[in-house]
1. For ASP239, ASP195, ASP84, what's the fewest-to-most ordering of other Cβ within 10 Å of each Cβ?
2. Kindly put TYR150, TYR43 in sequence by how many other C-beta atoms sit within 10 Å of each C-beta, fewest to most.
3. Measuring from label point to label point, each 7 Å out along Cα→Cβ, what is the TYR43 to VAL208 span in nm?
4. Which whole-Hz ³J(HN,Hα) couplings does the range 105-111 yield from phi under the Karplus relation 6.51 cos²θ - 1.76 cosθ + 1.60, θ = phi - 60°, glycine and proline marked x?
5. For THR194 and ASP101 in the same chain, what is the full-extension length gain: residue separation times 0.36 nm, less their Cα-Cα distance, in nm?
6. First measure r as the distance between the Cβ atoms of VAL57 and LYS36, then evaluate 1/(1 + (r/R0)^6) with R0 = 30 Å and state the FRET efficiency to the nearest 0.05.
7. Quick check: residue separation of GLN242 and SER227 times 0.36 nm, minus the Cα distance between them. What number comes out in nm?
8. For MET30, which sequence-distant residues (separation of 5 or more, or a different chain) have an amide H within less than 5 Å of its own amide H, given hydrogens modelled in the peptide plane?
Amino acid sequence: MNKKIIRTIIAVLALIAVVFIGKAQMGKTMTVIVAKHDLPEGYTITTNDIQEVELPVTNVPQGAFTDAAELVGETLRIPRSTQDVILRGHLGATTWELQPDERAIGIEITDSAGLAGLIKPGDYVGVNAVIASTDGSFSKVVSDGLRVLYVSPTFLADEPEAENAEDESAAMGGSGGIDQPREDDGVIILAVSTDKHIIAYDFSAFGVESQTRTVNVIELLSAFDHSSKVELSLFMDPDDRQSFITAGVHIPNLVVTPESSPTPTETPTPGPGTPGPGTPTPTPGEDG
């Protein structure tokens, strides 16, 4: 028999099987746990906050709870509204444990700079600063290994399970999940060391002496966050993070054409403290 015909027959049989299975499940229901009333982020669930409801098996999202006892005592990572299905991904306490030499600091982030809302409490991130000047933007890594304590709930990326739960809740007459739609900017709170921090500039590839600047990261991030000339971007650190040093990037220096390229105008090396307009700016390297 022709192989093409055999593949067609197999595909048709598979489709028939799926249809029969779907019809068989259409009449079946499953007990799942939903919010009895509106529950805010960070709330610890009690027996009075949840209830059992019957839903069609085909509408039950992955990660739904079927036993109320499993939810009692758990803390919500994101808010839930009346009749919303509570999923395993919705749980997790906001951790605000600071070491004696740490302080919590908040910075504003945009969707692209904040990794599209995929960061979550417990992650470690680095911060890159893009500083605007009259002769072109300068980009420099200023710190890494910063622990995430908190992310605005409306900035967090939606989980597939949560989207399914919202559709199902709406069908039941519930509000469908989080009250507000996901926003493309938000606030992230980081745990930052109070120790001095050395921002190193590796100029070895240019044949000149490398430089450093000593700063306090709390003061540095605060200044950046309130400056109209600075945009901050986060990058995710791996579990086995290794420190690195960069020279920074001055955008005009990247302009190269087949013809003669303009020669960047040299500017005097700034004294300790303030980098000048064409001179690489502070980069985070190793903590001092």
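Throughout, read-outs are computed from the coordinates displayed, never taken from laboratory work. This is a predicted model, so every value here is computed, not measured. Here the Cβ positions follow ideal geometry from the backbone for every residue, glycine too, while neighbour counts run over all protein chains shown.
1. ASP239, ASP195, ASP84
2. Listed from fewest to most nearby Cβ atoms, that is TYR43, TYR150.
3. In this crude label model, TYR43 to VAL208 measures out at 5.9 nm.
4. 9, x, 9, 7, 9, 9, 4
5. 32.9 nm
6. Step by step, r from the Cβ atoms, then E = 0.85.
7. Details: separation 15, 0.36 × 15 = 5.40 nm, distance 2.94 nm.
Gain on extension, GLN242 to SER227, equals 2.5 nm.
8. LEU55, VAL57
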